[in-house]
1. Output the residues belonging to the range 359-373 that are within 12 Å of the ligand (Cβ to nearest atom) and not hydroxyl-bearing (Ser, Thr, Tyr).
2. Is it the case that the range 227-236 has a residue that's in contact (Cβ under 8 Å) with a residue 40 or more places away in the chain, under 23 Å from ARG283 (Cα atoms), in a strand (DSSP E or B) and not assigned by TED's automatic domain parsing to the domain that holds ASP520?
3. Return yes when MET315 is within 14 Å of the ligand (Cβ to nearest atom) and touching a strand residue (DSSP E or B) at 6+ places or on another chain (Cβ under 7 Å) and no when it is not.
4. Taking into account only those residues within the range 322-337 that are within 15 Å of the ligand (Cβ to nearest atom) and surrounded by 24 or more Cβ atoms within 10 Å (Cβ to Cβ), which is nearest to PHE549 (Cα to Cα)?
5. Please indicate, with yes or no, whether at least one residue in the range 140-157 is crowded, with 16+ Cβ neighbours inside 10 Å and in contact with a Leu (Cβ under 7 Å, 6 or more places away or on another chain).
6. Out of (1) in a helix (DSSP H, G or I); (2) within 21 Å of MET25 (Cβ to Cβ); (3) out of contact with any Cys (no Cβ under 7 Å at 6 or more places or on another chain), what's the single condition that is false for ALA153?
7. Take the range 569-589 and flag every residue that is surrounded by 15 or more Cβ atoms within 10 Å (Cβ to Cβ) and out of contact with any Phe, Trp or Tyr (no Cβ under 6 Å at 6 or more places or on another chain).
8. Being closer than 30 Å to LEU522 by Cβ and either of a type in the set (Asp, Glu) or touching a Cys at 6+ places or on another chain (Cβ under 8 Å) (or both) is the filter here; which residues of the range 440-492 pass it?
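The values are calculated or read from the model by the stated rules, or taken from the named source; none is laboratory data. Predicted model only: the values in this text are computed from it and were never measured. No Cβ is skipped: glycine too gets one built from the backbone with ideal geometry, and neighbour counts run over all protein chains shown.
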Amino acid sequence: TFDHLFEPYTLKGVQIRNRLVVPAMGTNLGNEDGTVSQRLIDYYAARARGGFGLIVVEGVAVNPTGMCIPNEGHFWDDANIPGMRKLVDAIHAEGAKTLLQIHHAGRQTNPANIGGLQPIAPSRIACPVDNVLPREIPTEEVYRLVEDFGNAALRAKKAGFDGVDIHGAHGYLIAQFMSGHANKRTDEFGGTFEGRMRFPLLIVRSVREKCGDDFIIGFRMSYDEKVPGGRTLEESLVVAHQLEEAGVDLLDVSIMTYASTEYMSANGALPNGYNQFATEKIRSSVGIPVIAVGRITPAMGDDMLRTGKADFIAMGRGSLAEPALPAKLREGCIDEVAPCISCTQSCLGYILSDRIYASCLVNPVTGHEGEYDFTPVEAPKKVLVVGAGPAGLMAAKTAAQRGHHVVLCERSGEFGGQFRLAAVPPTKHDIAGAIRYYVTMCKKYGVDLRLNTPVDEELMRSLAPDAIVLATGSVPAMPPIEGIDNASFLSVADVLDGRVLPGAKVLIAGGGMSGVETADFLSEHFRSCTVVEMRPDIALDEEYTPRAFLMRRLAEKGVQAITSARITRFHDDGIDYEQDGEAKSARGFDNVVLAMGMRADNPLETAARAITDEVYVVGDARHAGPANKATEEGLAAGLAI
Ligand code: SF4
């Protein structure tokens, strides 16, 4: 029943309606000039409307050198206060309380984000990920930065926030000062634990002095930096106590720096609640409330509260996927909660790519909350959706949600298409939950779901649809290479769908995500795998954080990679290939698995267009690609009908 999640909490006189927190996450949904956009307001208002008790608005830069993503809010002067006030009002109007995260990236940025300036840091040591040599901050400038944080907090108070969240985690500027790994200073801000703590403690005191006692000061810290010589839990216990003494009211216990990004929560390789032990230790050593974060399920969160391991539960990616998570839990509709599948494709992946703003693969409405209209249509249509992969399921769900009469036909006996198989390799299990969610929602909205129903022109005509959505998926690509059409060769689907268990030695032709994850899966079963890829490395289409764990697992299991290799000929037991202009062979394998990409399978379009003018081709049937494109196209079709 999740009763503990729904107990109110009063902090500094602020009544928070439950224990569910949206932690600060950079979305890039603000305007390019650093002001608050309507899109940003709509995004946060949706999470407040969905029932979260406390919303920590994403980091704003306290100084022009502090930005780490292009559209980060500017908060080094008063210009953004009116926009922030609108944001606060929208959150408060929905019954949630809100803190503003105040932030400086330090060395974890690059000149493109900070107007061509050189990043600044405690010491002249580059962030291993951004790889830009920073300027060491002179002592007097450190004191000015303390004031910058205090002034930004005061602006937050003027904008109506209930408090601030000082970003001392994840390897940003404050964390750099706190870290023996990044801070090699010999002035009063370095050298010893006391020196390294001076910067955060002065910031906390400055915020308290400027904002008074009736204002929540939160502090986000990484309890373990997961870098050699970095801070670990033992020292973090002292850090937490000192922060409390300096005036912090609320601690948010996170983990990692950019140099250890694989530890961020959106990673299926990390177990649910992987920070739990540390949160509990820190909570027991301080007298202030503690927020827990890190792949925490609702049941686990409720149990952590029940057993006193934390006071609040943050669900970051969970709130991206399901803005109404608290409301649905409260109503007992847990099956209707859109789950985060830890793919990072549309959240972190988009922010790191030219798409720049965050969305969600499972719920692509995220980031577009004010744009899409789900109001039921006045004249419902008869809609036929062909194919029950993610694109078809999303199209069917969306069209039915808007009141259309939807029939979804799937030729196989199972829902999910290729996406279902993507759940099979290690650490990918959460994907199955997304398929289950789509099917649940289709049923809720009355979609007529028909498995084992191949569609042809005759069936299409007999259903007399007004609109047809073709989501017929993809089939394996077969590049014209001699010997490729060998009947003994296996497909990725043969392996992941449990049709064949290959022999002891397996050659996988193709080192994209599906080939490499198949190797990951087979090496779990003690198969010796060799992956052949024409690019210089394997798994290049896997997102950054899951890839770090995947590559480590493959190395541990001895998966061999032959890269920059062009396959010239297939044999029963292997291949001939060219590498660096040299002809080579890899033979003696028990099985060859073809993983050379997919191509669109769209056999019904001509027949469909002869039946109705309203035809949509979505997902892999349109262009074989990643699942986030499939759900976006399915959503677009469902909204367009
Ligand atoms: Fe989770 Fe993937 Fe959505 Fe990000 S894009 S919130 S990781 S499901």
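1. Pass one, the range 359-373, residues within 12 Å of the ligand (Cβ to nearest atom): 359-367.
CYS360, LEU361, VAL362, ASN363, PRO364, VAL365, GLY367 - these are the residues of the range 359-373 that are within 12 Å of the ligand (Cβ to nearest atom) and not hydroxyl-bearing (Ser, Thr, Tyr).
2. No, the conditions are met nowhere in the range 227-236.
3. Judged against the criteria, MET315 is a match.
4. At the first step, the residues of the range 322-337 found to be within 15 Å of the ligand (Cβ to nearest atom) are 322-325, 337.
Subsequent filtering for residues that are surrounded by 24 or more Cβ atoms within 10 Å (Cβ to Cβ) retains 322-323, 325.
Details: GLU322: 26, PRO323: 28, LEU325: 28 Å.
The qualifying residue nearest to PHE549 (Cα to Cα) is GLU322.
5. Within the range 140-157, one or more residues are crowded, with 16+ Cβ neighbours inside 10 Å and in contact with a Leu (Cβ under 7 Å, 6 or more places away or on another chain).
6. (3)
7. PHE570, HIS571, ILE575, ASP576, TYR577, ALA586, PHE589
8. If we filter the range 440-492 for residues that are closer than 30 Å to LEU522 by Cβ, which is where we start, we get 451-452, 471-492.
GLU482, ASP485, listed by residue number.
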